[in-house]
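What follows is a short report on a single structure.
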2 protein chains.
Amino acid sequence: MNFRDLSPSPRTLMTPGPVEVDPRVLRAMSTPILGQFDPEFTDLMNETMTMLREIFMTKNQWAYTVDGTSRSGLEAVLVSLIESGDKVLVPLYGRFGHLLVEIVRRCGAEVVTLEKDWGTVFAVEEIAAAIRQHRPQLVAIVHGETSTGCMQPLDGIGLACREIDALLVVDVVATIGGVEVATDKWLMDAVIGGTQKCLSVPAGLSLVSYNERVESKLLKRKRIEQGLLSDSSAVSSSFHDLLGSPIRSNYLDLCQLQDYWGPARLNHHTEATSMLYALREGLRLVLQEGLQDRFERHKRHEAALMNGIAAMGLTLYGDPSCKMPVVTCVNIPDGVNGESVRAVLLSEFGIEIASSFGPLKGRIWRIGTMGYSCSKRNVLLTLGALEAVLTLHGVKVDAGAAVQAAMNTYNKEALWS
Amino acid sequence: MNFRDLSPSPRTLMTPGPVEVDPRVLRAMSTPILGQFDPEFTDLMNETMTMLREIFMTKNQWAYTVDGTSRSGLEAVLVSLIESGDKVLVPLYGRFGHLLVEIVRRCGAEVVTLEKDWGTVFAVEEIAAAIRQHRPQLVAIVHGETSTGCMQPLDGIGLACREIDALLVVDVVATIGGVEVATDKWLMDAVIGGTQKCLSVPAGLSLVSYNERVESKLLKRKRIEQGLLSDSSAVSSSFHDLLGSPIRSNYLDLCQLQDYWGPARLNHHTEATSMLYALREGLRLVLQEGLQDRFERHKRHEAALMNGIAAMGLTLYGDPSCKMPVVTCVNIPDGVNGESVRAVLLSEFGIEIASSFGPLKGRIWRIGTMGYSCSKRNVLLTLGALEAVLTLHGVKVDAGAAVQAAMNTYNKEALWS
């Protein structure tokens with residue numbers, strides 16, 4: 001059996017993830033491996049924790065990675081906090097809200113959902129009212145719904161949770177590093193971020209941070225693995241002596257993860273060395289750019305993209321008042337095969353944009369402007385190519401207008417900065 | 001905040017993982033990203049599946065990655081197969097057997113353990129007898145216990161399982177790619193391999209393969225996420241209409257994972273692109289070397305290492321008749337601080353060897369000879385450095401003898417190949 005050399009074609013990735021990776025991050029991954037408990041490696045882990053706190057805008061002690069893709073972090077937080085029979089409120093307005101419901105239900109919770117039409121979000125007061133009415137132990141919600149391109153305002157939900165002593169868990173997978181995520185200011189008890197979106201690090205790690213309210217709940221469910229104890233007989237009953245019920249997952253048990261990341265350095269998994277190198281370098285570049293500058297960059301390229309799309313005669317999907325700055329959802333014109341447009345964009349221009357899920361499949365395209373992919377070059381190339389492919393598919397567009405509109409937007413840049 | 005450039009010191013990694021990575025694999029990780037459903041990427045995924053089948057010596061349709069470190073694969077298989085109240089037999093002879101118990105218990109199983117003193121393994125007939133006696137739904141066992149350096153013979157256990165229609169799940173995390181793992185021949189229903197050991201790919205992925213007996217059990221528990229369905233109302237009740245109970249984890253649900261890896265390509269997680277690049281390259285190098293040649297290489301360097309250790313006057317831990325060829329456990333001489341020896345080896349020579357867990361902590365060192373780390377250069381450097389550090393710690397050793405003994409072993413190489 002003979003397999004060819006790894007040699008993927010060059011791609012411009014304008015999806016809501018995975019997106020392009022800064023060459024400096026790619027290079028970091030080719031650095032030789034350190035052992036997991038090598039002091040040089042644990043220093044790198046600690047530095048990564050420090051940078052994660054900055055990114056999450058938090059003073060939380062705990063900010064570390066779960067070794068899995070984004071949803072592993074979501075499940076780690078939820079399975080570690082939810083006990084069988086707990087009531088969990090999930091306000092949902094898109095596909096990833098459904099994912100939270102899915103995970104929460106598998107944790108054995110009684111789920112109460114609050115649904116909004118896709119393409120819109122909740123008024124914070126609606127959610128606060130539902131919290132007061134249902135009095136859940138935990139509220140789980142998505143910050144940025146990449147399935148619809150909508151972003152939920154969060155400030156105020158945390159306060160309502162504290163009134164009834166509920167925990168607030170927020171999926172910031174798609175917003176972290178591209179949009180403000182004010183963990184402490186918004187009273188979010190646990191947040192879960194992704195790497196392969198606005199942070200522009202390859203998929204494979206999930207980022208979590210949580211406060212003392214979460215930790216005190218976790219510690220009630222903590223136990224140490226038997227194979228790690230020096231005197232194995234002394235603790236054989238510890239599994240049954242907990243105040244809380246045991247956490248259902250071993251791999252995704254935050255008690256064990258924090259003992260691995262914390263000073264105890266208790267063996268759990270083997271930290272994914274090369275991915276940690278990539279994350280550390282990616283976070284370093286984010287902080288070098290500066291969070292506020294980075295958020296403004298994402299707004300600038302969003303504006304150019306939206307103006308280009310409008311000049312092409314296309315319309316945007318969803319309520320503009322809650323549009324997510326890092327994903328732009330475009331209505332597929334009537335009679336156009338959206339998948340064919342995507343396929344030609346990919347095969348002829350090497351540009352990838354996304355379709356959507358469930359009820360929106362075939363109805364919208366989703367164009368991401370995230371992290372390293374969020375650049376003038378990429379926006380201009382994408383608009384030009386999309387125009388050409390639409391023309392090829394018989395759509396009447398004002399030739400050349402999209403790129404000019406984007407260029408004009410950039411020329412006004414001085415006014416915004 | 002200013003963080004320094006990533007610049008880890010060079011290391012010779014002689015632990016049972018993570019081990020050194022071939023520069024070709026490191027380079028593969030710096031390849032730019034493809035989108036997860038890009039046909040070029042799904043081709044790479046398919047090629048990886050083909051190579052995994054070779055490595056696992058199986059004709060199974062399913063052989064793919066779980067995006068997490070090794071224990072994520074263990075938990076994925078166990079949580080997807082075990083229903084609450086199932087009886088599970090775990091024959092255990094070291095720390096990683098305890099880990100299986102831990103995971104199985106959290107899956108809600110009734111666990112029956114069969115224990116052997118650390119440093120030994122079971123006769124296959126002992127396990128077969130226990131299977132006939134306890135009639136479990138599932139048997140879970142470790143192939144190579146890196147905590148003790150012992151390897152359990154497996155041929156015959158699968159047959160006993162089939163007699164009572166039990167499933168056999170085997171942790172081959174530490175053996176895959178270094179020692180024969182004959183999935184089909186030994187009638188193993190599911191196997192879970194690690195990347196960061198004998199395959200010499202960085203940690204971050206877990207490798208699973210399973211047969212139709214497993215798949216038929218999985219399909220009884222299958223459901224599709226609501227956010228993915230076009231008509232969300234039609235299936236809202238599907239969660240309750242299963243023949244089997246729903247799988248407790250979403251991230252580690254093999255039903256969803258096989259629909260992501262299979263022709264359906266249903267969205268689940270975002271495959272860890274750079275890690276997949278690394279794995280594909282690592283597998284390619286393994287197959288280029290040839291499995292049998294690779295196994296012989298591991299035996300050859302093990303022999304040189306053991307002869308060197310013996311020439312130094314040190315003794316090996318554990319029953320030699322079940323020694324794992326890729327891990328050599330050395331008794332720490334009386335009165336020597338094992339951690340101090342390890343620390344000096346690391347800080348002065350840049351060489352890492354491992355301690356052990358639980359009852360063996362402070363009693364043995366574990367020296368890995370795995371994958372890319374398993375080389376003449378590394379064995380000779382390690383023996384020379386260990387001798388120097390032992391001398392520094394006041395241990396009387398016959399100066400120079402260890403390296404000469406290893407060299408003599410290599411000089412006999414022609415006789416073995």
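The values are calculated or read from the model by the stated rules, or taken from the named source; none is laboratory data. From a predicted model like this one, the values you see are computed outputs, not experimental measurements. Cβ: placed from backbone, ideal geometry, glycine included. Neighbour counts: every protein chain shown. For the accessible areas, the whole protein counts, side chains as well, though only heavy atoms, and no ligand, DNA or RNA atoms are used. Shrake-Rupley method; radii C 1.70, N 1.55, O 1.52, S 1.80 Å.
How many percent of Cα pairs in chain A exceed 39 Å? The partial results should precede the final answer.
Values: 19494 of 86736 pairs.
That tail contains 22 percent of the Cα-Cα pairs.
Ordered by packing density, taken as the mean number of other Cβ atoms within 10 Å over each peptide's residues, highest first, how do A:26-33, B:62-69 rank?
B:62-69, A:26-33
Checking an interface number: how much accessible area is buried between A and B, summed over both chains, with a 1.4 Å probe, in Å² rounded to 100? Write down the numbers at each step before the final one.
Details: alone 18000 and 17980 Å², together 28440 Å².
Using a 1.4 Å probe, the pair buries roughly 7500 Å².
With +1 on the Cβ of every Lys and Arg and -1 on the Cβ of every Asp and Glu, and nothing else charged, how large is the dipole of the protein assembly as shown about its Cα centre, in debye rounded to the nearest 20? Don't jump to the answer; show the numbers that get you there.
Values: 80 positive and 94 negative charges, 47 e Å.
That gives the protein assembly as shown a dipole magnitude of about 220 debye.
Report, for the protein assembly as shown, the % of DSSP beta bridges that are antiparallel, rounded to 5.
Details: 41 of 79 bridges.
Of all bridge pairs located within the protein assembly as shown, approximately 50 percent are antiparallel.
Per residue, what volume in Å³ does the Cα convex hull of the protein assembly as shown take up?
Numbers: hull volume 125.7 nm³, N = 834.
Once divided by residue count, the hull of the protein assembly as shown is 151 Å³.
Where the only charges are on Cβ atoms (+1 Lys, Arg; -1 Asp, Glu), what is the dipole of the stretch A:22-286 about its Cα centre, to the nearest 20 debye? Write out the running numbers ahead of the final one.
On the way: 25 positive and 33 negative charges, 37 e Å.
Using only the charged Cβ atoms, the result is roughly 180 debye.
Would you mind computing Rg(Cα) / (2.2 N^0.38 Å) for the stretch B:43-109, counting N as its residues? Before the final figure, lay out the partial values.
Values: Rg = 14.3 Å, N = 67, 2.2 N^0.38 = 10.9 Å.
For the stretch B:43-109, the normalised Cα radius of gyration comes out at 1.32.
Considering only C-alpha atoms, what is the centroid distance from the stretch B:272-321 to the stretch B:56-133, in Å?
24
Grab the beta carbon distance between A:R265 and A:D334, set R0 = 45 Å, and tell me the FRET efficiency rounded to 0.05.
Rounded to the nearest 0.05, the efficiency is 0.15.
If you average the sequence gap of Cα pairs under 8 Å that are 6 or more apart and divide by the length of the stretch A:290-416, what percent do you get for the contact order?
Numbers: 166 pairs, mean separation 43.4, N = 127.
Once divided by the residue count of the stretch A:290-416, the mean separation gives 34 percent.
Extent of the stretch A:181-228 along each principal axis, from alpha carbon coordinates, in Å, largest to smallest?
Sorted from largest, the Cα extents of the stretch A:181-228 read 39, 30, 9 Å.
Order B:298-305, B:287-294 from most to least packed using the mean count of other Cβ atoms within 10 Å. Show your work: numbers first, answer last.
On the way: B:298-305: 21.8, B:287-294: 13.9.
The packing order, highest mean first, is B:298-305, B:287-294.
What is the mean number of Cβ atoms from other protein chains located within 10 Å of the Cβ atom of each residue in peptide B:272-281, rounded to a whole number?
Details: counts 12, 7, 14, 9, 4, 4, 5, 0, 2, 3.
Rounded to a whole number, the mean comes out at 6.
My understanding is that a pair violates if its Cα-Cα distance is over 19 Å; which of B:K323/B:K412; B:K87/B:K217; B:K197/B:K299 do that in this structure?
Numbers: B:K323/B:K412 22 Å; B:K87/B:K217 15 Å; B:K197/B:K299 15 Å.
From B:K323/B:K412; B:K87/B:K217; B:K197/B:K299, over 19 Å: B:K323/B:K412.
Mean projection of the alpha-carbon convex hull of the stretch B:290-416 over all orientations, in nm²? Intermediate results must be reported in sequence, preceding the final value.
Values: hull surface 32.0 nm².
That works out to 8.0 nm², a quarter of the Cα hull's surface.
Can you give the accessible area of A:T391 in Å² (nearest 10), computed on protein heavy atoms with a 1.4 Å probe?
80
Full extension from B:K185 to B:N2: what is 0.36 nm times the residue separation minus their Cα-Cα distance, to one decimal in nm? Write out the running numbers ahead of the final one.
On the way: separation 183, 0.36 × 183 = 65.88 nm, distance 5.56 nm.
Extra length from B:K185 to B:N2 when fully extended: 60.3 nm.
Lys and Arg at +1, Asp and Glu at -1: add these up for the other residues within a Cβ distance under 13 Å of B:W186 and post the number. All intermediate terms of the calculation are to be shown ahead of the outcome.
Details: positive: B:R162, B:K185; negative: B:D155, B:E180, B:D184, B:D189.
Computed value for this residue: -2.
Counting each DSSP H run of 4 or more residues in the protein assembly as shown as -39500 (n - 2.57), what helix-only mean residue ellipticity at 222 nm follows after dividing by all residues, to the nearest 500 deg cm²/dmol?
Values: 28 runs with 327 residues, N = 834.
After summing the helix terms and dividing by the residues of the protein assembly as shown, the value is -12000 deg cm²/dmol.
Suppose a student asked you for the relative contact order of the stretch B:93-218, using Cα pairs under 8 Å spaced at least 6 residues apart; what percent would you report? Can you show the working numbers first?
Working: 200 pairs, mean separation 24.1, N = 126.
After rounding, I find 19 percent.
Within 10 Å of each Cβ in peptide B:356-367, how many partner chain Cβ atoms are there on average? Round it to a whole number, please.
Numbers: counts 0, 6, 8, 5, 1, 3, 1, 0, 0, 0, 0, 0.
Counting Cβ atoms of other protein chains within 10 Å of each residue's Cβ and averaging gives 2.
With the crude spin-label approximation of a point 7 Å out along Cα→Cβ, what separation in nm comes out for A:A123 versus B:N46?
Roughly 5.3 nm, to one decimal.
Evaluate the relative contact order of the stretch A:22-286 (contact order divided by residue number), counting alpha-carbon pairs under 8 angstrom at least 6 apart; express in whole percent.
On the way: 502 pairs, mean separation 69.6, N = 265.
The value is 26 percent.
In nm, give the distance between the simple-model label positions of B:K361 and B:E115, each being 7 Å from the Cα along the Cα-to-Cβ direction.
About 1.8 nm separates the two model spin labels.
For the stretch A:10-96, what does the accessible surface come to per residue with a 1.4 Å probe? Please give it in Å². Could the numbers behind the result be given before it?
Working: 2200 Å² over 87 residues.
Here the per-residue accessible area is 25 Å².
Evaluate E = 1/(1 + (r/R0)^6) for B:K220 and A:H393, where r is the Cβ-Cβ distance and R0 equals 51 Å; express this FRET efficiency to the nearest 0.05.
Working: r = 44 Å, r/R0 = 0.86.
E(calc), rounded to 0.05, equals 0.70.
How many partner chain Cβ atoms sit within 10 Å of a residue's Cβ in peptide A:343-354, on average, as a whole number?
Working: counts 1, 0, 0, 5, 1, 0, 0, 1, 0, 5, 1, 2.
Across A:343-354, the average partner-chain Cβ count within 10 Å equals 1.
Given a Förster distance of 60 Å, report the FRET efficiency between B:R377 and A:E54 from their Cβ-Cβ distance, rounded to the nearest 0.05.
Working: r = 42 Å, r/R0 = 0.70.
Once the sixth-power term is evaluated, E becomes 0.90.
Among the DSSP beta bridges whose two residues both lie in chain B, what percent are antiparallel, rounded to the nearest 5?
Bridges in chain B that DSSP calls antiparallel: roughly 50 percent.
What shape does the stretch B:85-172 have by the C-alpha gyration tensor, where a ≥ b ≥ c are the square roots of the eigenvalues, rounded means a/c under 1.5, and otherwise prolate means a/b greater than b/c and oblate the rest? Let's see the in-between values first.
Numbers: a/c = 1.85, a/b = 1.18, b/c = 1.56.
Here the stretch B:85-172 falls in the oblate category.
What does the charge add up to near B:P136, with Lys and Arg as +1, Asp and Glu as -1, over the other residues with Cβ less than 11 Å from its Cβ? Write out the running numbers ahead of the final one.
Values: positive: B:K87, B:R132, B:R135; negative: B:D86, B:E110, B:D165.
Computed value for this residue: 0.
Could you compute the net charge surrounding B:G335? Neighbours are other residues with a C-beta less than 15 Å from the C-beta of B:G335; K and R count +1, D and E count -1.
That works out to 0.
Let me check I have the definition right: for the stretch B:124-179, take the eigenvalues of the Cα gyration tensor, multiply each by 5, take square roots. What are those semi-axes in whole Å, largest first?
So the equivalent ellipsoid measures 22, 11, 9 Å along its semi-axes.
Given a 1.4 Å probe and heavy atoms of the protein chains only, how would you sort A:F56, B:F96, largest accessible area at the top? Before the final figure, lay out the partial values.
Working: A:F56 0, B:F96 40 Å².
The most accessible residue leads, giving B:F96, A:F56.
Report in % the part of the accessible area of the stretch A:70-169 that belongs to carbon and sulfur, leaving out ligands and nucleic acids; probe 1.4 Å.
So the carbon and sulfur contribution to the accessible surface is 45 percent.
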